[in-house]
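Here the structure comes first, spelled out in structure tokens, and everything after it is commentary.
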Amino acid sequence: MKRMLAAAAMAGILLCGCGPSAREPDHLALVRVLGVDGAGPVTLTGVCGGANQTDISRGVCRDETFGLAREQLPWSSREELSLTSVGYLLIGKDADLLAVLFAVLEDQELGASATVWIASEGAQAALSACEDPATDLELLLRRGMPAPTAAQALAAVCADGEVILPVVTAREGRLSAEGEKLWRVGQ
């Protein structure tokens, strides 16, 4: 009897590991990189893929404010885009960084833990020229390029009036480090 119970327990443990894994609903793509250009109107570019997502979906929308453009972004691609997995914010030089940081921190789906980067040629241009920006930015982080989170960047701006952000550019289909930029309030 004990052998049968042990065998049943082992079978149950093995079957638990073989069950279906959790996955996103069909036709829902997770945005990993969110690009922001302009202070008004604002252009948002969402790029999915990387980190176990093979399909690199992209969506672009434009509206008068970050909030209005953000509302449209989920439906700007051939599949619905989800903003719950944004890990990287790529900011164009013409964007209102302070307004973007406040908007990101106020948004329940966007995370305060997303790292903040500056795109030298603009976010949409950089993301359009890059095959897999999430993987490229992850590689830059692993190579030691510091990038503050949205919460850290906003805290630095509120406390010191400035923040140092990494600058990237698209080269040969990849995002590459270009240096750092000191961003000050009023820029």
**Request:** Among the residues of the stretch 127-154, write down those that are over 23 Å from SER57 (Cβ atoms) and either open to solvent by less than 60 Å² (accessible area, probe 1.4 Å) or among the basic types (Lys, Arg) (or both).
**Result:** ARG142, ARG143, GLY144, MET145, ALA147, PRO148, THR149, ALA151, ALA153, LEU154
**Prompt:** free of Cβ contacts under 8 Å to residues at least 24 places away in the same chain and in a loop (DSSP other than H, G, I, E, B): does that describe PRO74?
**Reply:** no
**Message:** Only one of ALA134, ALA126 is at pLDDT 95 or above and assigned to a helix (DSSP H, G or I). Can you tell me which?
**Reply:** ALA126
**Prompt:** How many residues does the stretch 165-175 hold that are open to solvent by 30 Å² or more (accessible area, probe 1.4 Å) and either touching a Ser or Thr at 6+ places or on another chain (Cβ under 6 Å) or closer than 15 Å to LEU89 by Cβ (or both)?
**Reply:** 0
**Asked** Going by the conditions given, is ALA134 at negative phi, touching a Ser or Thr at 6+ places or on another chain (Cβ under 7 Å) and of a type in the set (A, V, I, L, M, F, W, C)?
**Response** no
**Prompt:** Can you tell me which of ALA170, ALA134, ALA150, ALA155 is in contact with a strand residue (DSSP E or B) (Cβ under 9 Å, 6 or more places away or on another chain), without any contact (Cβ under 8 Å) to a residue 40 or more places away in the chain and of a type outside the set (D, E, K, R)?
**Reply:** ALA155
**Asked** Does LEU105 satisfy the criteria of being more than 25 Å from VAL185 (Cβ to Cβ), open to solvent by 60 Å² or more (accessible area, probe 1.4 Å) and part of a helix (DSSP H, G or I)?
**Response** no
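Results for (1) touching a Gly at 6+ places or on another chain (Cβ under 6 Å); (2) of a type outside the set (S, T, N, Q); (3) exposed (fewer than 14 other Cβ atoms within 10 Å of the Cβ); (4) at pLDDT 55 or above, shown as yes or no for each residue.
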{"position": "LEU14", "(1), (2), (3), (4)": "no, yes, yes, no"}
{"position": "GLY40", "(1), (2), (3), (4)": "no, yes, yes, yes"}
{"position": "PHE66", "(1), (2), (3), (4)": "no, yes, no, yes"}
{"position": "SER82", "(1), (2), (3), (4)": "no, no, no, yes"}
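The values are calculated or read from the model by the stated rules, or taken from the named source; none is laboratory data. Since we're looking at a predicted model, the values are computed, not measured. When we count neighbours, we look across all protein chains shown, and the Cβ atoms used for this are built from the backbone with ideal geometry, even at glycine. With ligands, DNA and RNA removed, areas are computed over all heavy atoms of the protein, side chains included. Shrake-Rupley method; radii C 1.70, N 1.55, O 1.52, S 1.80 Å.
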